[in-house]
Each structure stands twice: as C-alpha cells, then as structure tokens.
1. So if each residue of separation counts as 0.36 nm, and I subtract the Cα-Cα distance between residue 29 and residue 201, what length gain in nm does that give?
2. Which cross-chain or sequence-distant (5 or more) residues have an amide H under 5 Å from the amide H of residue 188, H modelled 1.01 Å from N in plane?
3. If you take Rg/Rh (Cα atoms, Kirkwood Rh) from the coordinates, which of (i) 1.03; (ii) 0.96; (iii) 1.06 do you get?
4. At a Förster radius of 22 Å, what calculated FRET efficiency corresponds to the Cβ-Cβ distance of residue 410 and residue 155, to the nearest 0.05?
5. Putting +1 on Lys and Arg Cβ atoms and -1 on Asp and Glu Cβ atoms, find which of 357, 380, 329 reaches farthest to the positive end of the dipole of region 302-401.
6. What full-extension length gain, to one decimal in nm, is calculated for residue 429 and residue 134 as 0.36 nm per residue of separation minus the Cα-Cα distance?
7. Apply the Karplus curve 6.51 cos²θ - 1.76 cosθ + 1.60, θ = phi - 60°, to the phi angles in region 104-113 and return the couplings in whole Hz, x for Gly and Pro.
8. Starting from the Cα of residue 298, draw a straight line to each of the aspartates and glutamates and keep only those under 17 Å, dropping any in the same chain fewer than 8 residues away.
Amino acid sequence: MSAQIPIAVRDRISDRAKKTLDVVARFVEEDCIPADAVFEAQIGSGDARWENHPRVIDDLKEKAKALGLWNMFLPKGHYKESPGFTNLEYGLMAEWLGKSRVASEAVNCAAPDTGNMEVLAKYGNEAQKAKWLKPLMDGEIRSAFLMTEPQVASSDARNIEMKIERDGDFYVLNGQKWWSSGAGDPRCKVYIVMGKSDPGNKDPYRQQSVILVPSDAKGITIHRMLSVYGYDDAPHGHGHITFLNVRIPAANLVLGEGRGFEIIQGRLGPGRIHHAMRTIGSAERALEWMLMRINDPKKTPFGKQLREHGVILEWVAKSRIEIDAARLVVLNAAIKMDEQGPKAALTEIAQAKVLVPQTALTVIDRAVQSFGGAGVSQDTPLANMWAQIRTLRLADGPDEVHLQQMGRNENKRGKAVAAKINSQREKTEQLMEHYKVRKLEIGSNIKRSSL
C-alpha cells in the first residue's frame, strides 16, 4: 500500500497515484488472490481448457472498472490514451498485480497486451488504432506478439527469417514462430509480427518490419502449445505457429518498412519494467508463504518450529534485503524512463531485467525448501511461480545478452579509470617526496614505542 512506498521515491508519487495504489492493493489481496483457484477450476481439464473463458475474469473486470482500475500502464506524458500515471507510479501498482495470476488481466494490464497496446499507441496510425487499439484498451479482445523462431538464435533479432514480401497492395508472410504467448486464447484477434521485409539491406537493423496480422488470416496454422516446465498456461498458451502465403493488407504495416527494430526496442523497454515489478510482487508473496510455513505450530520437525532451526531466520532476513534492494533498482529505471525516455534508460532497464528474476527465484527457492515436498507440488503457488519467473531470464532477451552489453559499456571506462589511477599514483609519489617519507612495503617491520 502507499504507506509502504520506499522513502527514496515517495515524494515523486502523486496523491492520486497513492490513493489508486491503495485501491489496487486491496483489490489484489481481497478479490484477485482468492479468485486464482476459481480461475483454475473454471478452466477445467483436457482440450476444452483452450476454449473456456473463466467467468471469474469478467466479474473481476467489472469490479476493476467500477474501482477505476483500468489500463494504468500507459505512461503519463508519452501517450494521449494514458490514464495519467508515470512509469514509476504504475511500477508500484504492478508489484501488487504480480502477487496474483488473474490480477493483471482483471485490470487490463496483462502481457503481452500491454506491450502491444504501447506499440499501437506510439507507432500505429489512426486506422490501426481504431481497429485494434480501441478494442484492446476496452478489454474486448486480446493479442499476441510473434518474434522468436525455433530454427534460429532469436536472441539476436537480426537472425529472424520470417519473410514479409510486398505484392501489390498486400504483404505475403512465410515462416514460423514459437513462444507466441497469448495465441491460445480464443479472444486473441491480432498478432503483432516481426519479420524481414528487406533482407538485402546493408544495414542489418533496417531489414525488419512489424505488421499487424488478424489471427484468423488464411494460411496460419497453430501446430501446438508449448509448455513451461510442464505448465501449458491454458487458455493463454504459447503457440508454435506457421505462416504459409499469408496475405495481409499493406495498410497493416506499422510505421513503415525497415522500422522493426525501432518498434521492438520501444516495446521492450517499458515491458521489462512491468515484468520486473510484477516479479517483485511474486517474490513478496513467496516470502509471505515462507513466513506462514516457518511459524506453523503443526509443523515441528525435531521438536521445534522451523523458525527455531538453523538458518531459517537468516533466509527470511536475506530475502527481505534482496527484495528491497531489487525493488529500488527497478524504480530507479522507471524514474529515468519518466525523465529521459526508454532509450536513455537502457542500462538501468537491463540491470532490473537481469537482477530481479534471479532475486525472486532465490526467494522462491527458499520458500519451496521451507515447505519440503509440498513446495514442489500443486498445493502451494510456489512451484508455478518458480516456473513462470524462470522464463523471464530468457524472455525479452536472455540475461547473457544484457550482461554482455552492460559489460561492454562499463568497460568503456577502462582507459579513463586507468589514467585516473595512474595520476593518483603520481600524486602520491610527489607527496611522498614532499613529506620525506617512503611507502611502507607489505610485511615490513614497524617499530612502535610505548608511552
């Protein structure tokens, strides 16, 4: 709640955002978390799970709208459709949403729709906004984002092979995509697809384009839904999809040919912040479950409650420190995005993208360990939380890509810091000569007199 806002950023949060944050927190704790199990039950079992739309989601959406909790993610000052919150303010709200499976969708702030709406709001023309952005923002349809391909190393987006070829007033798409998150949902009506429209361009960052593809276009085949450590996330799903001579009107191209990298980078920056703050929320919930477990009077191994054993309280303390530190890293990135834009905050965004999932996985693993066998079962949310967050070390670019870039950027300081240190050494030598002293060697004997 607003009382828990870190003091370092509290004066940057408007009174309206603080009030909204309190409403979000109560909505998640009192309505969404209790509804998570209902959502699972209403999905059902078997193949029918891909056709079911849990009624509880619609009921939660109606309540969220009545509370004024809708589309909070579009940042103030960047989109005319924005509800007026900054990235920093929404980040604090996203943390609470991350504590529940259904909360983000209930307030129309769920991935991949948030990123897709940002693409349409920032880069789409008026016709594209009317056809796709409005129903997405109204919560009437859902969407999917198609970039990754199974046959290439998609962590380097220059490798993308999906063909987007001009043919009169149409573009013809051929290729395959996987990890097409959201494609399983029967309400998914549009795919945002990245492919190559100019593979011969000498600039490898101008070969790609982004196009809007109706999910029912002729020539599209969903072959299977991929699982995440055994979870298939029905009805949302992660599709493996092929495109065979799929003809799409040229008017569906976003921004223009060769603008794909520009669009994708603009999409991924805010999305990484959203993921990171939701992940902080998951880590907080895992810590809550661990606290419940170690204080359970019915669980007394070797005659003691878990909190009385070994390193358990140390786990709790470390988890609190790590969560609080990770949160500040994300909020710092959000502030820089608000003040200077996503492009200027790439380093800070990458720091959050790498640090937060690793931190959350550590906290969740401790919670799992405290529960023993129950921790890896369906009887707690911990196993599913771990599986979902583990994917974030791959989603939006694997950790190693971000670390390599950050390492290169940091290493650019190498010559400057070497020059600084050498200058300081020279100054030290001058001072030694001035004061007529010699530098003590390691291990040298020092004689002291007693008073």
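1. 56.7 nm
2. 142
3. Among (i) 1.03; (ii) 0.96; (iii) 1.06, the one derived from this structure is (iii).
4. Numbers: r = 20 Å, r/R0 = 0.93.
After rounding to 0.05, the efficiency reads 0.60.
5. 380
6. 99.3 nm
7. Whole-Hz 3J(HN,Hα) from phi for region 104-113: 4, 5, 4, 10, 6, 10, 9, 6, x, 4.
8. 308, 379
The values are calculated or read from the model by the stated rules, or taken from the named source; none is laboratory data. Keep in mind that what you see is a predicted model, and the values were worked out from it rather than measured. Positions of Cβ are generated from backbone atoms using ideal geometry, with glycine treated the same way; all protein chains shown enter the neighbour counts. Keep in mind that these areas ignore ligands, DNA and RNA; they rest on the heavy atoms of the full protein, side chains included. Shrake-Rupley method; radii C 1.70, N 1.55, O 1.52, S 1.80 Å.
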